[in-house]
Amino acid sequence: MPLRQAQGVSRRTSLPGVPLLPSRVDLVIVGAGIVGLAHAVEAISRGWSVLVVERDARAVGASVRNFGHIGVTTQDGIALSYALAARERWLRLGKEAGFAVRETGTLVVARADDELAVLDDFAARRDGDAQILTRKGVTDRAPVSPRGVTGGAFLPLDLRVDQRTAVAAVAAWLNTRRECRVEWSTSVVGLEPGSGVTLVRTTRGDVVARRVVCAVGHEVERLFPVAALEAGIQQCRQQMLRAEPARSARRAIGEIGPAVLTGTSLLRHDGFAWSPSVARVRERLAQDRPDLLEAGLNLMVTQLPDGTVTLGETRAYGFTHEPFRSQALDDLLLAEGAALLGVPLQAIERWDATYPSAPQPFLVSEPMPGVSVVSVTSGIGMTCAFGLAAKVVEEALRS
Ligand SMILES: Cc1cc2nc3c(=O)[nH]c(=O)nc-3n(C[C@H](O)[C@H](O)[C@H](O)COP(=O)(O)OP(=O)(O)OC[C@H]3O[C@@H](n4cnc5c(N)ncnc54)[C@H](O)[C@@H]3O)c2cc1C
C-alpha cells in the first residue's frame, strides 16, 4: 500500500450503478473478515459512523475457512480475557442478527495416559470450566470411535458457529444499521495522514476518516512490512478438508454437537502449555508418530449443518509457501479423521488457508497517527476478535 503524505485533495469516483462512498466518516475499516467486522460492531455501539471496505465481493479469507470454533476455555492470559468478552458478544449478536451461535462446548478426546494427565492438570486450574470424562463419557458426548480412548474433557463454555455463513450474517446485519456501511469489491490502495484525519484512497474514490483500522489478516505483512517485521510475523499455511463417509462406509457420521479436539490439539492451545505433561505428549509423538509433528497436525473436527465435517489442520510456517497442495497431507488428515470418528472418510472439498503467526498472539500497532493495524497472530480470531476489537475501540476513544 503506497503510504504518501497528505495532499488534502479528495477524489470521488462514480461508477455506473454503484453508489458513491460516503465522503467522510468517523472510522474506515479495511477488511470485512471477522476482525474488521468486530471493530465495526464495537464502533457503532459507541455512536461512530463506520465504513467497512472489503476488496472481495464477499469475505473469503481466514474467517470463512476455519472451524467455526469459539474455543474460549483453552485460551490463556490476555487471549482468555478477550475470548470471555467475545463469547458474550457472539451470543448477543447471534440473537440480534439472526444466526445460530450454538452453546455446544468442546470435547477433547484423550487417547493416551499423558494426554489425560494434561487434561487433569488443565481441569484443576479451570475450576469447573473443564470437566474430566471417562471413556464412556467421551463416546456419549460425540460419535467418536472408542478405540484407544482413555478419557477426555468437556469444556462447556465454548461455542460453535457455521463459519461459512456467520461472517456474512454479521456483515448483512451491519448493513441494516444507519451508522454503518459495508462496501464490497472495493480495495484500499493508499492512506494519507493529514491533520487530525486520514485520507483513505480506495478503488472507488477517497474517503476522509477520523480513524482507520486495517484488519487485513495475513496480508498485514505486505501492507505494513515494518510493523509485521517488528512483530516477527510469518505466514501459517494450513490444509483443510470437508469430508463425509466414504462410499465403502457402512454408517453415517452421526450428530457431532461440540467441536472435537484431540491429543495433537494439546500442543496447539496456550491454555494447556503450562502442564508438565505436554512435554511427555510431544516426546511420545516424536517417538511414535513423527509424521504428525512434521505435518504440524492439530487434528480437529467440527460438523457443518448438512452433517459433513470440517477436518483439519496441518500447519507449515514460512514467509512464502509453495503453491502446491500436498496429497500426502490430505491422506494423513483423512486417515486420522477416520480413526477418530471410526468411519472411513472421503474428501468432498479441499482448501488452503493462511493466518499470520507471531510470538505474541495479537498485533496492534499505530504505524501513523490515527491508523491502527490490528491482526490476530495466533489463529484464534473467531474466538477473540470481539474482545480485541472492544479494547482497540475503547483505546481509540481515549486518544
Ligand atoms: C484453517 C484455519 C482454521 C482456523 N480455525 C479457527 C477456529 O476454529 N477458531 C478461531 O478462533 N480461529 C480460527 N482460525 C483463525 C481465524 O480464522 C482468524 O484469526 C480470523 O479469521 C482472522 O480474521 P481477519 O478478519 O483478520 O482475516 P480475514 O478473514 O482473512 O479477513 C481479512 C480481509 O481483509 C481483506 N483485505 C485485504 N487487503 C485489503 C485491501 N487492501 N482493501 C480491502 N480489503 C482488503 C481481505 O480480502 C479479507 O477479506 C483459523 C484460521 C485458519 C486459517
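The values are calculated or read from the model by the stated rules, or taken from the named source; none is laboratory data. No experiment lies behind these values; they were computed from the predicted model shown. Here Cβ is always computed from backbone atoms with ideal geometry, including for glycine, and neighbour counts include all displayed protein chains. Protein only, heavy atoms only, side chains kept; ligands, DNA and RNA dropped before computing areas. Shrake-Rupley method; radii C 1.70, N 1.55, O 1.52, S 1.80 Å.
Out of the DSSP beta bridges found with both residues in the chain, what percent are antiparallel (nearest 5)? Antiparallel bridges make up about 75 percent of those DSSP assigns within the chain. Over the range 164-216, the Kirkwood radius and the radius of gyration, each from Cα atoms, give a ratio Rg/Rh of 1.02. Out of every Cα pair in the range 247-399, what percent are spaced more than 27 Å from each other? Everything past 27 Å amounts to 37 percent.
Of the trypsin sites (Lys or Arg not before Pro) found in the range 135-164, those that fall in a DSSP loop while having at most 13 other beta-carbon atoms within 10 Å are 147. Computed over the chain with a Gaussian network model linking Cα atoms closer than 10 Å, the most mobile of 229, 84, 388 is 229. Per residue, the Cα convex hull of the chain amounts to 144 Å³. The H on the amide N of residue 362, modeled in the peptide plane, is under 5 Å from the matching H of 377, each at least 5 residues off or on a different chain.
Give me log10 I(q)/I(0) at q = 0.17, 0.28 Å⁻¹ for the range 20-63, Debye formula, one equal scatterer per alpha-carbon, no solvent. For the range 20-63, the Cα-only Debye profile gives -0.46, -1.01.
Where Lys and Arg each count +1 and Asp and Glu each count -1, what net charge lies around residue 356 among other residues with Cβ under 10 Å from its Cβ? Within the 10 Å Cβ shell, the charges total -2.
Calculate log10 I(q)/I(0) of the range 236-275 for q = 0.32, 0.33 Å⁻¹, where I(q) comes from the Debye formula with a single equal point scatterer on each Cα and nothing for solvent. Taking Cα atoms of the range 236-275 as identical point scatterers yields -1.12, -1.13.
Packing around the peptides 169-176, 67-74, 363-370, taken as the average count of other Cβ atoms within 10 Å per residue, puts them in this order, highest first: 67-74, 169-176, 363-370.
Ordering 344-353, 107-116 by mean Cβ neighbour count within 10 Å, with the highest value first, yields 107-116, 344-353. Separation of the range 176-193 from the range 12-73 is 7 Å, based on Cα centroids.
With protein chains left intact and a 1.4 Å probe, residues in the chain average 42 Å² of accessible area per residue. Modelled label positions at residue 346 and residue 326, each set 7 Å beyond Cα in the direction of Cβ, lie 2.5 nm from each other. Using C-alpha pairs under 8 Å with a sequence gap of at least 6, the mean separation divided by the residue count of the range 236-376 gives a relative contact order of 37 percent.
Below 15 angstrom from the Cβ of residue 379, what's the summed charge of the other residues (Lys, Arg +1; Asp, Glu -1)? Its environment carries a net charge of 0. Highest mean packing first, where packing is the average number of other Cβ atoms within 10 Å per residue, the peptides 119-128, 86-95 line up as 86-95, 119-128. Using only the Cα atoms of the range 98-159, each taken as one equal point scatterer with no solvent, compute I(q) by the Debye sum, divide by I(0), and report log10 of the ratio at q = 0.19, 0.21, 0.29 Å⁻¹. Here the Debye-derived log intensity ratios amount to -0.66, -0.77, -1.21. In a fully extended conformation the segment linking residue 335 and residue 255 would gain 26.8 nm over its present Cα-Cα distance, using 0.36 nm per residue. Note: relative contact order over the chain, using C-alpha pairs below 8 Å and six or more positions apart, is 26 percent. Here the range 287-398 has 54 percent of its accessible surface on carbon and sulfur atoms, given a 1.4 Å probe and all protein chains in place. A simple rule links phi to the HN-Hα coupling: the Karplus curve 6.51 cos²θ - 1.76 cosθ + 1.60 with θ = phi - 60°, which for the range 252-260 gives 7, 6, x, 7, 10, x, x, 5, 10 Hz, with x for Gly and Pro. Just to be sure I understand: with springs between alpha-carbon atoms less than 10 Å apart, which residue in 280, 247, 315 has the highest mean-square fluctuation in the Gaussian network model of the chain? It is 247.
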